[in-house]
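A quick write-up on the structure given underneath.
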Amino acid sequence: MSEFDLATFEKEAHERWARAFESNPSDREKFYLTVAFPYPSGAMHVGHGRTYIVPDVIARFWRMRGKQVLFPMAFHVTGAPVVGISKRIARNDPKTIHLYRDLYKVPQNVLAEFTEPLTIVKHFAAEYQRVMTSCGLSIDWRRRFITVDPTYSKFVEWQWKHLYEAGHVIKGAHPVRYCTVDENPVGDHDLLEGDKADVIKFTLVMFQHGDAFIPTATLRPETIHGVTNLWANPNVTYVRALIDGKLWIISKEAAEKLVLQDHIVEVKEEIEGIDLIDKTVTHPLCGTIPILPADFVDPDMATGLVMSVPAHAPFDYIALRDLQQQGKYTQIKPIPLIKVEGYGNVPAQDAVERAGIRHQMDSRMDSLTQEIYSAEFSKGKLFDKYGGQPVRVAREEVAQEMCEKYHSVVMFEFDTRPVICRCGNKVKVKILHDQWFLKYSDPTWKEQTRNHLNDMALVPPEVRAEFERTIGWLKDWACTRRVGLGTRFPWDPAQLIEPLSDSTIYMAYYTIAHRIREIDPKLLTPEVFDYIFLGRKSPNLPEKKKLDAMREEFLYWYPYDFRFSAKDLISNHLTFQIFHHVTIFEKDKLPKGMVVFGMGLLNGAKMSSSKGNVFLLEDAVSEFGADTVRMFLTGSAEPWQDFDWRNELVLSTKKQIERFYATVLEMRDAAGEPQDIDRWLISRLQEHILKMTAALENFQTRQALQEASFGIETDLKWYRRRLPDGCCGSREMSTLCSVWTRLLAPFIPFTAEHIWQELGNKDLISFAEWPVADENLVNTHIELAEELLARTVEDIESIQKLIQITPKSITIVLAPEWKHNIFKTIARSSDRNSVLKEIMKNEDMKKRGREATDAAKQCTTLIHRLPPHVVTPLAKESVNERAVFEAAQAVLEHEFGIPVHIANAETSAYTKGATALPFKPAIVIE
Ligand SMILES: [Zn+2]
C-alpha cells in the first residue's frame, strides 16, 4: 500500500470520476438535491465550500444507499453587481483592483478584460466549476447553465406569463431601496451593507420657526403632547429650501432624499446648525419650545432634526440629563403623557435607571428604546387630558389630524443604517412610479404558500418560524431593473427581471438543461414549456421527440427532495421559491424539503469577501487536501450551526485521516482466528453503522463523523490493547476495513477511493453499497463483558495515580449475589424512589438491614451514572463477573506488570470488599 499523499489520491480519483456522476432517469428510486446556485463575481472561500460540500456528502450517501441521485449546478449571473464591478475596474478603483488582483488572484491579462461585465461572470463561473470539482463535488456538469443563456430566458418568460396570468405581477408606485449612481432599485444581493434594512414610513411633524417649517420625523406622533424641545446638531450645515412651495429647514441630505420622494425641492441657502441653537419653534399641539444642541443628531437620518420627548424616549431623557448635569436648561422637565403598566410616571427615566445606564453611548440604549416603544404601544394609554385612548389608536388619529390640519406629510426612511450599494454609494428610499412588482402582499398567495410550507420538511425544524414570519411580512417586491444582465421584462422590454425574481423555479430547469440546448431558442414558446412542465398538449409542438424526453426527465426528477442554502436566504430567495412554485406547478411537483445552513467564521470573525476576511477554498484544498477540507467543514459543526475555520484544527483533521489510512494499512491483512474480542469489535461496528446511517438520514454530518471516525477509532484502540503480544488481529479485520472505508467515503472520497482499490475492489467506492447493520452480529453479552473490563481498568489506573506506593499486586473484589439482585430490581423498576420499600420486604434483605439499604442507595447512584445501553441489559441478566476477569487475568497482568487476583467480597478478608457493587468491583492495590 502506498504512502499517505492526498494530492496523489486526488489525481487518481479525478481521472476515474470523469463523467461518473452524470445521472439519468432509471428504474431506481431518485433522490434530487439542489443548492442555491452561486453568483460568481469573486473567488470561492471556505464558507462557500461548506454550502456545497454538505450536499455532496448527502448526495454520496444516498448514491451508496442505491438511489439515483441528481446533484446539478448552475451559475447566477443576473443583475447589476458585475456592472458596478466592471465600471470600477475600468476606472482603476484601487480597492476593487486590489480585491481582484491580489485576493482573488486574477491574472493581469484576464483582469484587463473585466471591463466587460459578462467576462467577469464567465471567468468566475469557470473558476467555480474548477474549484468545486477539486473539492470532489459529485455534480452532473452536463446540466450546467448560466442565467443569461437564451434558452433560460425563454424559460423565465414562460414562468412570468403564468405569474402575470395569476395576477401576481402588478404595476404601481412604491417606496424602494434605490441607488442614484446605478439609477436602479437595489436588491439584497446588490448591497455591501444593510441587507436587513427595511423601509419605514415616518410622519413629519411641522414646527413653525419664523417664516419656515422645521420638520422632524417620528414614528410616534401621539407623543407630540410631551415634546419639550427639538434637537439640532450644532456642527451640521442645514439648508433653507422650498419644498413644494413652502419653506423648510432641513439637512442637505434630507433635501436630496425628498427629491426622490415626489417632492419639488429648491434649495435657497445654507444655515449653520449652531445658529439654530436656543431659537424657538411652535406647534399648535405643544406650544413654544426651544431648540437644544445635540451631537447625536445625524443629518443623514430623515430630516436631520429631531423632536425630544424625554418622558417616553430614553435617548431624549439621557441627552437632556447630560445637559442639565452641566447646569444648562435646568428649567425643562419631562412631560409625561402615557400611562403604562410596569412603569412610573416617567417611563424613560425608570428604564434608564433600572438598567443603570450612565451615558448616551451605552450599547443597550437601542434595546431600551425598543422596550419602551413596545410596552407603550401594546398596553399604554394616553392621559385623560390628551384623550385617554390606547396608544395604538391615538397614534393613527394624531397622525391623521396632523396631516389634515398641521401640514404634516409622510417621509420614508430606513430603520437601520448605513445601507450601502455594491458600487459604494449610499442607498436612499425612492418612490418608484410605473414600477413592476411581484404582489407578495396578496393574502391569498400568502395563504397558498403557507399551506405548502406546512407540508415541507425543514431542517433544522426551528427555521419554520422564520419562514412563517417572512411569508407574513413580505411586501410587494420591485421585480424589474434598468441596469444589469438578465431576461427582458415581457411587458416592458426596456427593463430587466431582477436577480432574485428570475431564480425561483430553476430547480425544474435543471431536469432539462442538457437537452433543451439542442433546440433553437426561437422555437421555445410558452406552449413548449407548458407541455414539458405541465403536460398540456397543444398542436404543432416542435421537436416532439426531444420534448418527450424532457417531459420524462422532469416527471422522473421533480419535485426536488431537498434544497440547501445559507440561512440568510430565508428572508428572500428560499421563501420566494415556494411562492412561485405554488403558482406554477401542480401539487405533486411542489418542493419537499429544505436544509438551512449556519454561517462561516474565520478565526472567530464573520467571513466577508468585501472586508478581506476570507480563506480561499482553493488555497485550503492545496494546503490541506480536499478530503481534509471536506471532513473539517462537515465534522466541526452540524450544517445548521455556525462553524469556525481555524488552521490548527484543520491540521488535526488531516492527522485524523492519516491515522485512519495508517490503521487500515496495518490491519487489512490480519489473518488470526477470531476470538471473543473480535466478536465484540464486530458487534460494536453494527451499532456504529446504525447510528451513522440514522445521522446522515437527518443531515447530521458532525454526528455521523463522530460515530464513523472517533467511534470506530476508540473501539480499535481497545481492541488492540486486548490482543496478545505479536498478534495484529483476526481475519475479521478485512470486513472492518471495508465497512469503515465505505462509511467514510462520502466525507473523504479521495482517500476512500484509493483504499478501496488497494482492498482489491475494481469498482468505484462512490457507487459501492452502503454498509447495512446485521442484527445477528450484535452480541450484548460480549459487549457488557468488555465494558466491565474497560471500566475496571480505568478504575485501576485512576487509583494508581492517587497512591504513593509502588504497587506489588492488584486484587479485584467482586460483589456478592444479593447485591446483584438489588441492582436488577432497581434497574427494572420504573419508580426508583419507591423501589427501596419493595426490596426491604424481602426477608433476606430485612436481615441485612442497614447493609442492604446502603447497597440499594449505592446501586441507585451507580445506575444513574451508567449509560442506558449498559443498564438495560443488566436489568435482565447479570454478567458472570468472575468469568470475565478470569479470562482477562493474563491480559491485566501483562497490562499492569504485577499479579492480579480475583476475590469474592463475602469470603475475602479485605474490608474494602464491602464497597464492591455489581459492574463496579472493589479494587485493592498493595
Ligand atoms: Zn450603486
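Being within 16 Å of the ligand (Cβ to nearest atom), in contact (Cβ under 8 Å) with a residue 40 or more places away in the chain, in a helix (DSSP H, G or I) and in contact with a strand residue (DSSP E or B) (Cβ under 8 Å, 6 or more places away or on another chain): is that true of Val83 here?
yes
List the pairs whose first member sits in segment 311-334 and is closer than 17 Å to Met365 by Cβ, whose second member is among the acidic types (Asp, Glu) and assigned to a loop (DSSP other than H, G, I, E, B), and whose Cβ atoms are under 9 Å apart, counting only residues at least 6 apart or on separate chains?
From segment 311-334, the pairs are Ile318/Asp362.
From the set of residues in segment 503-550 that are of a type in the set (Gly, Ala, Ser) and in a helix (DSSP H, G or I), which is nearest to Ile584 (Cα to Cα)?
So, considering only residues that are of a type in the set (Gly, Ala, Ser) and in a helix (DSSP H, G or I), the one nearest to Ile584 (Cα to Cα) is Ala508.
Of all residues in segment 106-140, count the ones that are surrounded by 20 or more Cβ atoms within 10 Å (Cβ to Cβ), at pLDDT below 95 and touching a Leu at 6+ places or on another chain (Cβ under 8 Å).
2
Are any residues in segment 529-559 hydrophobic (A, V, I, L, M, F, W, C) and in contact (Cβ under 8 Å) with a residue 40 or more places away in the chain, and if so, which ones?
Phe529, Phe533, Leu534, Phe554, Trp557
Kindly establish whether Gln448 is over 17 Å from His312 (Cα atoms), away from the ligand (no atom under 16 Å from the Cβ), in contact with a helix residue (DSSP H, G or I) (Cβ under 9 Å, 6 or more places away or on another chain) and not small (Gly, Ala, Ser).
yes
Looking only at segment 382-427, how many residues end up being away from the ligand (no atom under 16 Å from the Cβ) and not in a strand (DSSP E or B)?
Going through segment 382-427 one residue at a time, the tally reaches 27.
When you check Gly424 against the structure, is it loosely packed, with under 14 Cβ neighbours inside 10 Å and at pLDDT below 90, yes or no?
It is false that Gly424 is loosely packed, with under 14 Cβ neighbours inside 10 Å and at pLDDT below 90.
Every residue, every condition in (1) more than 16 Å from the ligand (Cβ to nearest atom); (2) touching a residue at least 40 places away in the same chain (Cβ under 8 Å); (3) under 30 Å from Arg63 (Cβ atoms), yes or no:
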position: Val110; (1), (2), (3): yes, no, no
position: Val121; (1), (2), (3): yes, yes, no
position: Ser134; (1), (2), (3): yes, yes, yes
position: Lys161; (1), (2), (3): yes, yes, no
position: Lys171; (1), (2), (3): yes, yes, no
position: Glu183; (1), (2), (3): no, yes, no
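In segment 884-924, what count of residues is obtained for those that are part of a helix (DSSP H, G or I) and among the polar types (S, T, N, Q)?
Within segment 884-924, residues that are part of a helix (DSSP H, G or I) and among the polar types (S, T, N, Q) number 3.
Confirm whether Arg143 is within 16 Å of the ligand (Cβ to nearest atom) and crowded, with 19+ Cβ neighbours inside 10 Å.
no
From the list Ser738, Ser730, Ser683, Ser734, exactly one residue is farther than 27 Å from Leu601 by Cβ, over 27 Å from the mean Cα position of the chain (by Cα), small (Gly, Ala, Ser) and surrounded by fewer than 19 Cβ atoms within 10 Å (Cβ to Cβ). Which is it?
None of the others qualify; the one that does is Ser734.
Looking at the structure I just gave you, is Ala348 of a type outside the set (Ser, Thr, Tyr) and more than 14 Å from His312 (Cα to Cα)?
no
Does segment 5-13 contain any residue that is within 26 Å of Lys655 (Cβ to Cβ), charged (D, E, K, R) and without any contact (Cβ under 8 Å) to a residue 60 or more places away in the chain?
Checked against the condition, which is being within 26 Å of Lys655 (Cβ to Cβ), charged (D, E, K, R) and without any contact (Cβ under 8 Å) to a residue 60 or more places away in the chain, segment 5-13 yields at least one hit.
Restricting attention to segment 873-883, which residues are under 49 Å from the mean Cα position of the chain (by Cα), in a helix (DSSP H, G or I) and not small (Gly, Ala, Ser)?
Those that are under 49 Å from the mean Cα position of the chain (by Cα), in a helix (DSSP H, G or I) and not small (Gly, Ala, Ser): Pro873, Leu874, Lys876.
Taking interchain pairs and intrachain pairs at least six residues apart, which have beta carbon atoms under 7 angstrom, with the first residue in segment 487-499 and under 19 Å from Asp190 (Cβ atoms) and the second of a type in the set (Val, Ile, Thr) and not in a strand (DSSP E or B)?
As it stands, the answer is Thr487/Val156; Leu496/Thr487; Ile497/Val156; Ile497/Thr487; Pro499/Thr78, since those pairs meet every condition given.
Which of the residues that make up segment 70-80 are within 16 Å of the ligand (Cβ to nearest atom) and under 21 Å from Gly600 (Cβ atoms)?
Selection gives nothing.
Quick check: anything in segment 50-69 within 16 Å of the ligand (Cβ to nearest atom), among the hydroxyl-bearing types (Ser, Thr, Tyr) and surrounded by fewer than 23 Cβ atoms within 10 Å (Cβ to Cβ)?
For segment 50-69, residues within 16 Å of the ligand (Cβ to nearest atom), among the hydroxyl-bearing types (Ser, Thr, Tyr) and surrounded by fewer than 23 Cβ atoms within 10 Å (Cβ to Cβ): absent.
Residue pairs, Cβ under 8 Å, 6 or more apart or interchain, first in segment 815-834 and part of a loop (DSSP other than H, G, I, E, B), second hydroxyl-bearing (Ser, Thr, Tyr) and crowded, with 16+ Cβ neighbours inside 10 Å. List them.
Arg832/Thr860
Determine, yes or no, whether Ser501 is more than 37 Å from the chain's Cα centre (by Cα) and among the hydroxyl-bearing types (Ser, Thr, Tyr).
Judged against the criteria, Ser501 is not a match.
Here is a check on your reading of the model: is Ile146 touching a Pro at 6+ places or on another chain (Cβ under 8 Å), at pLDDT 90 or above and closer than 30 Å to Leu524 by Cα?
For Ile146, the condition - touching a Pro at 6+ places or on another chain (Cβ under 8 Å), at pLDDT 90 or above and closer than 30 Å to Leu524 by Cα - is not met.
Which number in (1) within 26 Å of Thr8 (Cα to Cα); (2) touching a Phe, Trp or Tyr at 6+ places or on another chain (Cβ under 8 Å); (3) in contact (Cβ under 8 Å) with a residue 40 or more places away in the chain; (4) not hydroxyl-bearing (Ser, Thr, Tyr) marks the one condition that Glu758 misses?
(2)
Quick one: which residue in Leu602, Leu616, Leu524 is more than 18 Å from Glu466 (Cα to Cα), buried (at least 20 other Cβ atoms within 10 Å of the Cβ) and modelled with pLDDT under 95?
Just one listed residue meets the conditions, Leu616.
Which one of the conditions (1) in contact with a strand residue (DSSP E or B) (Cβ under 8 Å, 6 or more places away or on another chain); (2) surrounded by fewer than 19 Cβ atoms within 10 Å (Cβ to Cβ); (3) of a type outside the set (Lys, Arg) does Asp190 fail to meet, given that it meets all the rest?
(2)
May I ask you to list the residues in segment 185-211 that are modelled with pLDDT of 85 or more, away from the ligand (no atom under 15 Å from the Cβ) and either touching a Lys or Arg at 6+ places or on another chain (Cβ under 6 Å) or over 22 Å from Met402 (Cα atoms) (or both)?
Within segment 185-211, Asp198 is the sole residue that qualifies.
Quick check on Phe597: is it touching a Pro at 6+ places or on another chain (Cβ under 8 Å) and under 30 Å from Trp645 (Cβ atoms)?
The answer is yes for Phe597.
Considering each of Lys430, Lys439 in turn, give the residue that is within 16 Å of the ligand (Cβ to nearest atom), touching a residue at least 12 places away in the same chain (Cβ under 8 Å) and within 30 Å of His580 (Cα to Cα).
When all the criteria are applied, what remains is Lys430.
Could you please find all residues in segment 211-252 being surrounded by fewer than 20 Cβ atoms within 10 Å (Cβ to Cβ) and charged (D, E, K, R)?
Within segment 211-252, Asp211, Arg240, Asp244, Lys246, Lys252 qualify.
Please find, among Ala494, Ala457, the residue that is within 21 Å of the chain's Cα centre (by Cα) and away from the ligand (no atom under 16 Å from the Cβ).
Only one candidate qualifies: Ala457.
The values are calculated or read from the model by the stated rules, or taken from the named source; none is laboratory data. Treat the numbers as computed from the prediction; the structure is a model and nothing was measured. FYI the Cβ positions are ideal-geometry reconstructions off the backbone, even for glycines, and counts take in every protein chain you see.
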